[in-house]
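Asker: Okay, here's the structure, questions in a sec.
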Amino acid sequence: MKLPKHQAGMAFIGWMLVIPIAGLVLLALLKAIPVYLQHFKVQATLTSIQEQSEPFSGPSAIAQAISRRLSVNDVTNVSREDFTIARMLGDGYDISLEYEARLPFIYNVELVFVFSENIQVH
C-alpha cells in the first residue's frame, strides 16, 4: 500500500461550509460588542453611585442620579423603569437592575442579551 507524500488539505466543499459559519459567528460578535460596552458603562454608573461619599435623601434622588449618569454616558438600552430601588432594613437602599437588549441579527432572528445587577447604597 502506497501512502501520499503530503496531505492535500481541506477540499472546496469543506471551505464552503466553514466560511459561512465563521462569517455568522463574526457577525454575532461584531453586533455584541456595543451591547457589552454599554453594559460596562451601566456597571461603572452603579459603582460610582455605590461609592458616592454623601448619602442620598431618598429613592427619588438615587433614581435621578442614576438617570443623569446614564444620560451622560449615552446609555440607550436601560431606562428608569428597569431599576428597582427598595429600602433595606437598616440604613440604606437596595438597587437592582434587570434589563435585556435585543438586536436584529438575520431576517427574523434576534440576538437577546439579558443583564442583571444589584448593589447596596448606604
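Asker: Kindly provide the set of residues from the range 64-122 that are assigned to a helix (DSSP H, G or I) and touching a strand residue (DSSP E or B) at 6+ places or on another chain (Cβ under 8 Å), ordered by number.
Answerer: Ile66, Asp82
Asker: Residues of the range 31-53 being surrounded by 13 or more Cβ atoms within 10 Å (Cβ to Cβ), closer than 13 Å to Asn77 by Cβ and of a type outside the set (Lys, Arg), which ones?
Answerer: Ala32, Pro34, Val35, Gln38, His39, Val42, Gln43, Thr45
Asker: Quick one: in the range 54-63, of everything that is part of a helix (DSSP H, G or I) and not hydroxyl-bearing (Ser, Thr, Tyr), which residue is surrounded by the fewest Cβ atoms within 10 Å (Cβ to Cβ)?
Answerer: Per the stated criteria, the residue is Ala61.
Asker: Also, quick follow-up: State the number of residues belonging to the range 91-122 that are acidic (Asp, Glu) and open to solvent by 50 Å² or more (accessible area, probe 1.4 Å).
Answerer: 4
Asker: Looking at the range 72-90, can you tell me whether even one residue there is at positive phi and open to solvent by 60 Å² or more (accessible area, probe 1.4 Å)?
Answerer: Scanning the range 72-90 turns up at least one residue that is at positive phi and open to solvent by 60 Å² or more (accessible area, probe 1.4 Å).
Asker: Then there's this: Evaluate the following for Phe12: is it open to solvent by 80 Å² or more (accessible area, probe 1.4 Å) and within 21 Å of Ile119 (Cα to Cα)?
Answerer: Taking the combined requirement at face value, the residue does not satisfy it.
The values are calculated or read from the model by the stated rules, or taken from the named source; none is laboratory data. The shown structure was predicted, so the numbers you read here are calculated from the model rather than taken from an experiment. With ideal geometry, Cβ positions are generated from the backbone for all residues, glycine too; neighbour counts draw on all protein chains shown. SASA here: full protein model, heavy atoms, side chains in, ligands and nucleic acids out. Shrake-Rupley method; radii C 1.70, N 1.55, O 1.52, S 1.80 Å.
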